[in-house]
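Worksheet: the structure to be examined is printed underneath.
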Amino acid sequence: MHQLIECVPNFSEGRDKAKIKLIEDSIKKVKGILFLNSESDIDHNRTVITFAGEPEKVIKAAFNAIKTAAKIIDLNVHKGVHPRIGATDVVPLIPLTGITRKETVKYSIALAKRVGEKVKIPVYLYENSAIRKDRKNLAVIRKGQYERLKKEITLPEKTPDFGPHKMGPAGATVIGVRRILVAYNINLKTSDIEIAKMIANEIRETAKNGLKNIKALGLYLKSKNIAQVSINLTDYKKTPPLKVFKKVETLAKKLKTRILESEIIGLIPAQALPKNPKLLKIKNFSDKKILEKQLNLRK
């Protein structure tokens, strides 16, 4: 069977179109890569790119993108509401067809080693690729963000898996194999960030009555003057977006506000959507946001 893996790197640049294009072009120049989606947000100051292909080609394209981002993004001047530790903040690899998670881990480690040696930036392995159990969770690695990691990188618990034990302007990168994740934001009809934070605290898995496989943050989007609940669904089969939407809707009502709209960042598997996607109030939703549709279009 044809081996196909997906890569969804997140870059700490969502405002400068020229820089974003340089990163996109570095991926596209690898022959055989299926470039599926690119999405930027000015408040998060972040771009999420989705591409797929044969493992060797995906690893080459990911390396090109990391190398390019390291040259043009300076974390010392970067500002955005989304947590980050690097120019290329995180590089998830997802096995799609003809390849196991275990086989994909070998590619992720090879990429991490090459980035550490050739681009000379610290690299941490997470999720299925984690060498250390305490690094499986991305949030643990990213705690305190670039500014804190820069000071603490020489501590034993912060030592990178590959690359130098010091931080430059490109920061550090996190690489690893994971399941398909749905990045899902819910925008509220309020500018009160405290309301978004309260909702995020209630729905995340670690809360007393939280939802399984959910990570969430409450953020303020200055460009729209609204509060946002930024959510990662780490297992959409167990906790689909509609379940999350309904819980947020109930909590928002209790806090005297409502849902304005929701957003899918990157692509979403068809199976994650309800029969009527309109129930989710997804902004600018079309078939172009569905992973399977994009893969078929690009083959």
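We did not get these values from a lab; they are worked out from the coordinates using the rules stated. What you see is a predicted model, and the numbers here were worked out from it, not measured in a lab. Neighbour counts are summed over all protein chains in view; Cβ atoms, including those assigned to glycine, are modelled from backbone coordinates with ideal geometry.
Please get the size of the charge dipole for the range 182-298, origin at its Cα centre, with Cβ charges of +1 on Lys and Arg and -1 on Asp and Glu, quoted in debye to the nearest 20.
240
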Note, the range 257-267: 3J(HN,Hα) by Karplus (6.51, -1.76, 1.60, θ = phi - 60°), whole Hz, Gly/Pro = x, goes 9, 9, 7, 7, 5, 10, 9, 9, 9, x, 10
Per residue convex hull volume, Cα only, the range 230-299, in Å³ is 94
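Express the C-alpha Rg of the range 4-177 as a ratio against the empirical globular expectation 2.2 N^0.38 Å, rounded to two decimals. Write down the numbers at each step before the final one.
Values: Rg = 14.7 Å, N = 174, 2.2 N^0.38 = 15.6 Å.
It is 0.94.
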Relative to the chain, whose Cα atoms define the longest principal axis, helix 241-254 and its Cα axis are tilted in degrees, nearest 10, by 50
To the nearest 10 degrees, the tilt of helix 101-114 (Cα long axis) against the first principal axis of the alpha carbons of the chain is 60
The whole-number value in µm²/s of the Stokes-Einstein translational diffusion coefficient for the range 182-298, with Rh from the Kirkwood sum over alpha carbon pairs at 20 °C and 1.002 mPa s, is 150
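Between residue 118 and residue 42, what is the FRET efficiency for a Förster distance of 35 Å, r being their Cβ-Cβ separation, to the nearest 0.05? Write out the running numbers ahead of the final one.
On the way: r = 31 Å, r/R0 = 0.89.
Here the calculated transfer efficiency is 0.65.
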Rg and Dmax in Å for the range 1-41, alpha carbons only: what are they? 11.9, 40
Going from the fewest other Cβ atoms within 10 Å to the most, one would list 175, 59 as 59, 175
Can you give the three extents of the C-alpha atoms in the range 139-178 along their principal axes, from longest to shortest, in whole Å? 28, 22, 20
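Take the alpha carbon atoms of the range 178-247, find their radius of gyration, then divide it by 2.2 N^0.38 Å using N residues; give the quotient.
On the way: Rg = 11.8 Å, N = 70, 2.2 N^0.38 = 11.1 Å.
Normalised Rg, Cα atoms only: 1.07.
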Residues whose modelled amide H sits under 5 Å from the amide H of residue 81, counting only those 5 or more places away in sequence or on another chain, are 44, 45
At q = 0.12 Å⁻¹, what is the base-10 log of I(q)/I(0) for the range 116-219 according to the Debye formula with one equal point scatterer per Cα and no solvent? Please give it to two decimals. -0.53
Using the basic label-point model (7 angstrom from Cα toward the beta carbon), what is the residue 110 to residue 71 distance in nanometres? 2.4
Note down the Stokes-Einstein diffusion coefficient of the chain in µm²/s, whole number, using a Kirkwood radius over alpha carbon pairs, 37 °C, and 0.692 mPa s. 169
Using the count of nearby Cβ atoms within 10 Å as a rough guide to exposure, how do 38, 262 rank from fewest to most? 38, 262
Considering only the chain, what is the antiparallel percent among its DSSP beta bridges, to the nearest 5? 80
